[in-house]
Amino acid sequence: MAEHRTGDKELDENISKWLKWDKNENTKQEIERLVRDKEMNQLRVLLNNRMAFGTAGIRGNMGPGFAQMNDLTIIQTAQGQAAYMIKVCPDLKQRGIVIGHDARYNSERWAHMVAGVFLNHDIKVYLFSKIVPTPYVPYSVLSLGCDAGVMVTASHNPKNDNGYKVYWANGVQIIPPHDKGIQESILENLTPQETSWLADLTSRPLRVNPLDQITDRYFSDMLELCHHREANANTPIKFTYTAMHGVGYEFVVKAYETFGFPPPIPVKEQVLPDPDFPTVKFPNPEEGKSALDLSFATADANGSSVIIANDPDADRLAVAEKQLQFVQFINSVANILHR
């Protein structure tokens, strides 16, 4: 269209593709505004670049353009992954795929979009009905015998980010050659199918909610790791827990119950999911004191000597113990029962 001519052939082509393909009015209108305002440099950044899919999937800022996380790039990624898996996983339709999401902005919406793409290929989809910790997804892949899992999360990134993380049939994040294979397949399947935009999954018989089944199995397996339940019940140690505004609290309370511990003392300002992460700049417990200030205050107020901290999708763990002062002595990825 003439009004979208910029004199940059590549940019003109990408503007036309975006305005043709994107059905989200918010991101579409933002690109139209940038065109009207002749923001050529910003348009080049957003449209002449594309997020690359790697062993960690994709992760980036939420916003318009091929270089950011949005409805269109989620659909393109899911279409590429589905096409690749159809080629390399002969039993995919029967074995299926697991999909989960955290509590960030757009996570639930995008998890449903990913599910829709796979369902459109008559592939069984185990879609969690609510927010879950990231370790639930790889655990479910193994427990249910699926070919892959997708977790919509940006882990401990700032609030404007989101991501798309892929686990393979062995329950671990993908490695070569699958990362390159999916990336190539994404580029071969950029045109969104009309059906990919359909978000209503209510009448899809191949959609299964595995939440109750997986929760029972997960904590049953966890119980096998508990060898001193009676001692746990009588411990004088008080634990303080922060979910860092993420998904972890409900599941950690159940884990403490499974091991016989009294429930942890929650950091009230951070215990409920909040995608704005209002009390921390970076919701990463590995940041140390800057991220754990409220935990230290809660622990001191309650005579607690141990702090347990998760990141927002609950796959990272930090532990601090009070000696003369609180000393953080564990920073780790904690895929508990990820086996």
* Conditions (1) open to solvent by 10 Å² or more (accessible area, probe 1.4 Å); (2) at pLDDT 95 or above; number of the one not met by Gly171 -> (1)
* Structure fact -> Filtering the range 217-230 down to residues that are open to solvent by 20 Å² or more (accessible area, probe 1.4 Å) and either within 18 Å of Thr134 (Cβ to Cβ) or touching a His at 6+ places or on another chain (Cβ under 8 Å) (or both) yields Arg217, Asp221
* Gln193: touching a strand residue (DSSP E or B) at 6+ places or on another chain (Cβ under 8 Å), touching a residue at least 40 places away in the same chain (Cβ under 8 Å) and among the polar types (S, T, N, Q), yes or no? -> no
* Tally time: how many residues in the range 47-93 are over 20 Å from the mean Cα position of the chain (by Cα) and open to solvent by 10 Å² or more (accessible area, probe 1.4 Å)? -> 11
* Of everything in the range 231-244 that's buried (at least 18 other Cβ atoms within 10 Å of the Cβ) and not hydroxyl-bearing (Ser, Thr, Tyr), which residue is farthest from Asp313 (Cα to Cα)? -> Phe239
* Asked: Just wondering, is there one or more residues in the range 245-266 that are among the aromatic types (Phe, Trp, Tyr), open to solvent by 60 Å² or more (accessible area, probe 1.4 Å) and touching a Ser or Thr at 6+ places or on another chain (Cβ under 8 Å)?
  -> no
* **Selection count, the range 192-211, where residues are open to solvent by 100 Å² or more (accessible area, probe 1.4 Å) and over 22 Å from the mean Cα position of the chain (by Cα)** => 4
* Structure fact -> Those residues of the range 61-83 which are part of a helix (DSSP H, G or I) and among the small types (Gly, Ala, Ser) amount to Ala78, Gly80, Ala82, Ala83
* Determine, yes or no, whether Gly100 is open to solvent by less than 10 Å² (accessible area, probe 1.4 Å), under 23 Å from the mean Cα position of the chain (by Cα) and touching a residue at least 40 places away in the same chain (Cβ under 8 Å). => yes
* Can you list the helices (runs of 4 or more DSSP H) found entirely within the range 1-60 that contain at least 3 residues being touching a Pro at 6+ places or on another chain (Cβ under 9 Å) and farther than 25 Å from Glu184 by Cβ? -> 25-36
* Asked: Does Ala103 satisfy the criteria of being in a helix (DSSP H, G or I) and aliphatic (A, V, I, L, M)?
  -> no
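The values are calculated or read from the model by the stated rules, or taken from the named source; none is laboratory data. No experiment lies behind these values; they were computed from the predicted model shown. All Cβ positions, even for glycine, are placed from backbone atoms using ideal geometry, and neighbour counts span all protein chains on display. Only protein heavy atoms, including side chains, enter the accessible area calculation; ligands, DNA and RNA are left aside. Shrake-Rupley method; radii C 1.70, N 1.55, O 1.52, S 1.80 Å.
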